[in-house]
Structures are given as structure tokens and as C-alpha cells.
Ligand SMILES: Cc1cc2nc3c(=O)[nH]c(=O)nc-3n(C[C@H](O)[C@H](O)[C@H](O)COP(=O)(O)O)c2cc1C
């Protein structure tokens, strides 16, 4: 599919600083993009740079500044990247305690093609809650990019910063566009 709208949700992990790579990949392929950040992720991103690239303000709360649209454009695909241990467990359980989480909950519920790219260390990835969360999300037809088949694995504890540059932004977009091939567009205004 070409020319859709990509909703990106960033969580608070190092690769969030590089989300502009995903935006540029999307716009080069005639997609539009908008970014929603978890409250903690705001410290990891350059919101101004993102806004310049996307033409949309970075959303992280329910409140809109004057003049901004309340609802997002119809969404053809959702990429949650980087997805933290914290947010992944919440998404799988259906917890929606911030604007990013309710956006994700609603878009997955509307069966918008969704790709999740975790950025976790091996100790966190070994936890039973995380394993259950991955399985539950896959049961909901969420594409989780993690494992040897995807060429993307949890990193050794303490080595996150040296793996940040390897974050698979291009693979995430490719997976999303593949899924979006025949998926319905859906708006997310939480109305
Ligand atoms: C510098 C820094 C780096 C972090 N890196 C990661 C990470 O790579 N993966 C992860 O799951 N959490 C990481 N965390 C912890 C999360 O930021 C923390 O769990 C936070 O509550 C997640 O919030 P969110 O899921 O709402 O974005 C990091 C925290 C800091 C301060």
C-alpha cells in the first residue's frame, strides 16, 4: 500500500530519539505520519523536529493546544516503537493510563494493522509477564518484531545504548505497510 497515514507511538527508551528515521522513511514513500508519545517518552524525543517533519504536533495528553485538531487523521497503520517493557505489558493487559495507551488500545481494537518493536534487555524479556504479553499481542494479530526470524533480539542488560543504532525502523515500516495492504482505515478520536 502507498500513501496511507501512519500513527507512531513512542515509549521512553533510547531509540525514541531516532523516530525521525521512521517518519522520513514513511514520507519518502508518500505516507503521512503523526507521533504520539507516552509522558515519559517526551524526555527522549525532539518534539519540534518531529512536528516539522510530520506537520502535526506531538500528542501526549488529551489536551490540545488552541487551533490543533482534536482527532487524528484516519489511520492506516500503527507502529509502536520503541516499545518499552512497561508499555508492552500495559498494552497487552489493556491498561490505558495515558493518552498514548488509550490511542493504542483503541486502534488495536479497531483492527488497525499494528506493529510493535520492543527495545528491552534480555533480563526483562525473560520475565513471564513479558512472555505472556508478547503471546497475547500476537493472539490479537499484532505483529511483534522480536526474535531470530525478525533479526531483532533483546540486548544484554546494560548494553542498550550500543544497540540503539541497530533499531529496525525500516523493517517496522515494511511490516506495517505489508499489513496495511488490505486493512480498513480508522480514525482515533476516542469519542
Ligand atoms: C535513560 C533511560 C533509558 C531507558 N531505557 C529503557 C529501555 O531501553 N527499555 C525499557 O523497557 N525501558 C527503559 N527505560 C525505563 C523506562 O523509561 C521506564 O520503564 C518508563 O516508565 C517507561 O515509560 P513508558 O512505557 O510510559 O514510555 C529507560 C529509562 C531511562 C531513564
Could you order the peptides 113-126, 43-56 from most to least packed, using the average number of other C-beta atoms within 10 Å per residue?
113-126, 43-56
Longest principal axis of the chain (C-alpha) makes with the long axis of helix 128-139 (C-alpha) an angle, in degrees to the nearest 10, of 50
Value of relative contact order over the range 87-191, rounded to a whole percent, pairs C-alpha under 8 Å and six or more apart
35
So what is the relative contact order for the chain, in percent, with contacts set as C-alpha pairs under 8 Å and at least six apart?
27
Report the Cα centroid-to-centroid distance between the range 1-41 and the range 89-114 in angstrom, as an integer.
16
Can you tell which of 151, 94, 14 shows the greatest fluctuation in a Gaussian network model of the chain with Cα springs below 10 Å?
151
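Which value in deg cm²/dmol, rounded to the nearest 500, describes the helix-derived mean residue ellipticity at 222 nm for the chain, given -39,500 (n - 2.57) per DSSP H run of n ≥ 4 and division by the residue count? Could you put the intermediate results ahead of the total?
On the way: 8 runs with 70 residues, N = 191.
So the helix-based figure for the chain works out to -10000 deg cm²/dmol.
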Would you please classify the overall shape of the range 20-147 from the alpha carbon gyration tensor, given that a ≥ b ≥ c denote the square roots of the eigenvalues, rounded means a/c under 1.5, and beyond that prolate means a/b larger than b/c while oblate covers the rest?
prolate
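The numbers here are math on the coordinates, done by the rules we state, and not lab data. Computed from a predicted model, the values in this text were never measured in an experiment. For neighbour counting, all protein chains shown are included, and Cβ atoms are generated from backbone atoms with ideal geometry for every residue, glycine included.
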